[in-house]
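Comments concern the structure below.
What follows is calculated from the coordinates using simple rules that are stated; it is not laboratory data. All values reported here derive from a predicted model rather than from experimental measurement. Here the Cβ positions follow ideal geometry from the backbone for every residue, glycine too, while neighbour counts run over all protein chains shown.
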Amino acid sequence: DAGVIQSPRHEVTEMGQEVTLRCKPISGHDYLFWYRQTMMRGLELLIYFNNNVPIDDSGMPEDRFSAKMPNASFSTLKIQPSEPRDSAVYFCASSSSLTDTQYFGPGTRLTVL
Amino acid sequence: SQQGEEDPQALSIQEGENATMNCSYKTSINNLQWYRQNSGRGLVHLILIRSNEREKHSGRLRVTLDTSKKSSSLLITASRAADTASYFCATDYGNNRLAFGKGNQVVVIP
């Protein structure tokens, strides 16, 4: 299995631009998580899905952030408009309800200038 | 929200020595997990210990869990330079959702 796949790996954009991060979870996993990691705040859970349905989005910082999971093999995290304080590494992770382990993607390093 | 907290935050040891990290949490959990993160990479699951377990081993890793004190420890024996990484504890309080601590940075000096 290829593991969790994220794209792009690096994204540099200017303030005000729309940013879309993509994730392909491990096949057969029914949970998908989006995290943000910064030095100051550590690893924060933004939102998670179960069977493509958003379960808890209380970690989404504000309305500029949105996430979708149109099918079991694809999810997006969108920031519109982006701001410099959104600069961070964004991780996607997936897991199965049969186990309790999360598998992380390599992350997308986002820099907003 | 509940979150694991590791102690110490940073550890520097010589190769061959043991490294011990502690984690505390606040409320009841289903299980506690430890993850490793190498610089610039995603987190990798190391070991899981359930709330009804007290100790678990995996290779050079030993994890303990004390639910009365709401704490866990991770021991890495005979450390190697390749063990240099950040180590995170994560508490599972249901629905496959994890709350991560801020991480322990471990540097193993060859």
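Assorted remarks:
- Put the Cα centre of the range B:8-61 next to the Cα centre of the range A:62-104 and the gap is 24 Å.
- When only Cα pairs below 8 angstrom with a gap of at least 6 residues are kept, chain A shows a relative contact order of 37 percent.
- Evaluated with a Cβ-only charge set (Lys, Arg +1; Asp, Glu -1), chain A carries a dipole of roughly 260 debye about its Cα centre, given to the nearest 20.
- Convex hull volume per residue for the protein assembly as shown, taking Cα atoms only, in Å³: 122 Å³
- Above-threshold pairs, the threshold being 21 Å between Cα atoms, out of A:Lys68/B:Lys102; B:Lys56/B:Lys102; B:Lys26/B:Lys102: A:Lys68/B:Lys102; B:Lys56/B:Lys102
- Here the contact order of chain B, divided by its residue count and restricted to Cα pairs under 8 Å and six or more residues apart, works out to 38 percent.
- Fewest-first ordering of B:Cys89, B:Cys23 by other beta carbons within 10 Å of each residue's beta carbon gives B:Cys23, B:Cys89.
- Working note: Karplus 6.51/-1.76/1.60 with θ = phi - 60° gives the range A:23-37 the couplings 8, 10, x, 5, 4, x, 6, 10, 10, 9, 10, 10, 10, 10, 10 Hz, where Gly and Pro are set to x.
- Filtered trypsin sites (Lys or Arg not before Pro), the range B:50-96: DSSP coil and at most 12 other beta carbons within 10 Å: B:Arg54, B:Lys69, B:Arg80
- When B:His45, A:His10 are arranged by Cβ crowding within 10 Å, least crowded first, meaning fewest neighbours, the order is A:His10, B:His45.
- Order of A:Met60, A:Met15, B:Met21, A:Met39 under a 10 Å beta carbon neighbour criterion, fewest first: A:Met39, A:Met15, A:Met60, B:Met21
- Applying both filters, DSSP loop and at most 11 other Cβ atoms within 10 Å, to the GluC sites (Glu not before Pro) of the range A:1-87 gives A:Glu14, A:Glu18, A:Glu62.
- For chain A, the Kirkwood estimate of hydrodynamic radius, built from reciprocal distances between every pair of different alpha carbons, is 13.9 Å.
- Over the range B:39-110, all Cα pairs binned in 5 Å intervals from 0 give whole-percent P(r) values of 3, 13, 24, 26, 20, 9, 4, 1, 0, listed from short to long.
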